[in-house]
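Please read the structure below before turning to the comments.
Please treat every number below as a calculation from the coordinates, not as lab data. Predicted model only: the values in this text are computed from it and were never measured. Here the Cβ positions follow ideal geometry from the backbone for every residue, glycine too, while neighbour counts run over all protein chains shown.
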Amino acid sequence: MKTIIEPFRIKSVEPIYFTTKEERKAILEKACYNPFRIHAKDVLIDLLTDSGTSAMSSNQWAGIMQGDESYAGSESFFHFDNTIKQITGMPLVIPTHQGRAAEKIIFTILGGKGKYFISNTLFDTTRANIEFSGAEGIDLICEEGKHPTIPAPFKGNMDVEALKKVIKEKGPANIPMVIITVTNNSGGGQPVSMQNIKEVRQVCTENKIPLYIDACRFAENSYFIKLREEGYADKSVPEIALELFSYADGCTMSAKKDAFANIGGFLAMRDLDLAIRCRNLLIITEGFTTYGGLAGRDLEAIAIGLQEVMDENYLHYRIRSIEYLTNKLIAAGVPVMQPAGGHAVYIDAKEFLPDIPVDQYPGQALVGALYLEGGIRSVEIGSLMFGKYDETGKLIPAQMELVRLAIPRRVYTQSHIDYVSEVIIDVFNKRNTLKGLTIIEETPMLRHFTAKLKPVQ
Ligand SMILES: *Cc1c(COP(=O)(O)O)cnc(C)c1O
């Protein structure tokens, strides 16, 4: 088999900045061991997130120039609207400035005290918006999804039996929505099978509960279905995506992921009454219904990106590049989530650093070490992000302690990725020298964004 090459050539380049290890030591200290506090120019390879960090195509940049900035009824809105209707089959499309803005609107309307939102795994902003409304979020990931290093084809699946049980327990009337996140971002970027979506749909129908898709990575998930699920090998990605959305009543989407845009999002749905209520809120918080917090040029870039992302040459390269890094790390004995997910490589920090207890945030310690060693920025997805405190102030840890290396779309080449693997393996070889961290300052919600930490003495 020949090397799988990047399916693009480079027309415009952006410099990256090199620092010395001494400089990075001082930067890390100043940032209080939180990668969100580091200036981007002090980062060599930025794998903090794949959100809003994609390289746009020449077509998207051309679209930026053609954006129609009319307040109402902009041509760019209709391009956006038609594209999303075509991809999802959903008749009502509401633009928002990000995924979380779509979440804020829908959960403000459907949430509130005494309500439960059930998911395979809620993403952090989704959970935060649910909890901010007074409602509770419940994650019901399948058993395979709980074991980071045991491979299985669809580790993002929801546990359908547990779903039935929780619906019975809480009562269907108290559950405004079931949400399937594709791919399952917080659970390792693992895909959800069409079969699982169908089964969840069935349970939702029986209980009259709407099913929504958190569709941020719908194209990556659709491609996994094509590769791994029986009966889909000969279907095109747009066909698979349309089927996937056909089981849902609506979706939320961040266009900063599978739309190759630097900003944007949307809500799409089938229920007109609900759409009218959403649009009323949209006008208060985001803007008029034909731009929703976005410039016309953004709507244009998103519409073009949504078509480009379903190109199978692109998806082949995309999925393969994540697998390439994963396999290099596995070969060196680094504990990583298996199999490779769609947008990121996840290191199992609990296994990587078994001597650092969870209340000393092993994931965050590893994030710091990767920056110090090679200027790589990653993010902890563990007890700093999801941990809570009990009444006595003791940490209730997250289910897993992961470090995510999210790969921006169309940005880095194979040699960048080779360098990343070398740095991780170097850190792995001296893992015994790493120290845990304690929090010195934090906020009550989404604390990982701003928390300050220091090394344990
Ligand atoms: C990024 C993301 C969101 C939130 O979208 P933003 O555009 O960052 O507000 C929601 N769900 C998932 C699965 C995501 O990856």
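Put simply, the C-alpha atoms of the chain give a gyration tensor, and the ellipsoid matching it has half-axes of 33, 27, 22 Å, longest first.
Here region 208-336 carries DSSP beta bridges of which approximately 60% are antiparallel, counting only pairs with both residues inside.
Largest first and in whole Å, what are the equivalent-ellipsoid semi-axes of region 337-451 based on the Cα gyration tensor, each being the root of 5 times an eigenvalue?
Working: eigenvalues 130, 50, 32 Å².
With the √(5λ) rule applied to region 337-451, the semi-axes are 26, 16, 13 Å.
Nearest 5 is fine: what % of DSSP beta bridges in the chain come out antiparallel, could you say? Let's see the in-between values first.
Numbers: 27 of 43 bridges.
So the antiparallel bridges amount to about 65 percent of the total.
Looking at the square roots a ≥ b ≥ c of the eigenvalues of the Cα gyration tensor of region 153-250, which shape do they give, rounded for a/c under 1.5, prolate if a/b is larger than b/c, or oblate? It is prolate, given that a/c is not under 1.5 and a/b is the larger ratio. This model, with +1 at the C-beta of Lys and Arg and -1 at the C-beta of Asp and Glu, gives region 58-308 a dipole about its Cα centre of some 580 debye.
Annotation: for a label point projected 7 angstrom from Cα along Cα→Cβ of Ser12, residues of region 55-72 with backbone N closer than 12 Å are 55-65. Taking Cα centre as origin and charging only the Cβ of basic (Lys, Arg, +1) and acidic (Asp, Glu, -1) residues, the dipole magnitude of the chain rounds to 480 debye. Each Cα pair under 8 Å and six or more residues apart adds its separation to the average, and for region 58-308 the resulting relative contact order is 31 percent.
Along each principal axis, taking the top coordinate minus the bottom one, the Cα set of region 58-308 gives 50, 43, 29 Å in descending order.
Please give the length that would be gained between Glu312 and His39 if that part of the chain were fully extended, namely 0.36 nm times their separation in residues minus their C-alpha to C-alpha distance (nm, one decimal).
Numbers: separation 273, 0.36 × 273 = 98.28 nm, distance 3.51 nm.
Working it through step by step, the gained length comes to 94.8 nm.
Across the options Gly134, Phe154, Asn185, the greatest Cα extent toward the positive end of the charge dipole of region 49-185 (unit charges at beta carbon of Lys, Arg, Asp, Glu) belongs to Gly134. Taking chymotrypsin sites (Phe, Trp or Tyr not before Pro) as exposed when their DSSP state is a loop state and no more than 15 other Cβ atoms lie within 10 Å, the longest site-free interval of the chain runs over 72-457. Of the trypsin sites (Lys or Arg not before Pro) found in region 389-457, those that fall in a DSSP loop while having at most 16 other beta-carbon atoms within 10 Å are Lys394, Lys430, Lys435. Neighbour counts of other Cβ atoms within 10 Å put Thr49, Thr20, Thr450 in the fewest-to-most order Thr20, Thr450, Thr49. Determine the distance separating the Cα centre of region 39-91 from the Cα centre of region 326-391; give it in Å without decimals. Each part reduced to its Cα centre gives a spacing of 31 Å. In a DSSP loop and with at most 10 other Cβ atoms within 10 Å, the trypsin sites (Lys or Arg not before Pro) in region 65-157 are Lys113.
Do any trypsin sites (Lys or Arg not before Pro) in region 207-237 lie in a loop, going by DSSP, with at most 11 other beta-carbon atoms within 10 Å of their beta carbon, and if so which?
Numbers: sites: Lys208, Arg217, Lys226, Arg228, Lys235; in loops: Lys208, Arg217, Lys235.
In loop regions of region 207-237 (DSSP not H, G, I, E or B), the sparsely surrounded trypsin sites (Lys or Arg not before Pro) are Lys208.
Tell me the mean residue ellipticity at 222 nm calculated for the chain from its helices only (DSSP H runs of n ≥ 4, each -39500 (n - 2.57), averaged over every residue, nearest 500).
On the way: 16 runs with 184 residues, N = 457.
-12500 deg cm²/dmol, from helical runs alone.
Summarising the strand pairing of region 58-308, around 45 percent of its internal DSSP beta bridges are antiparallel.
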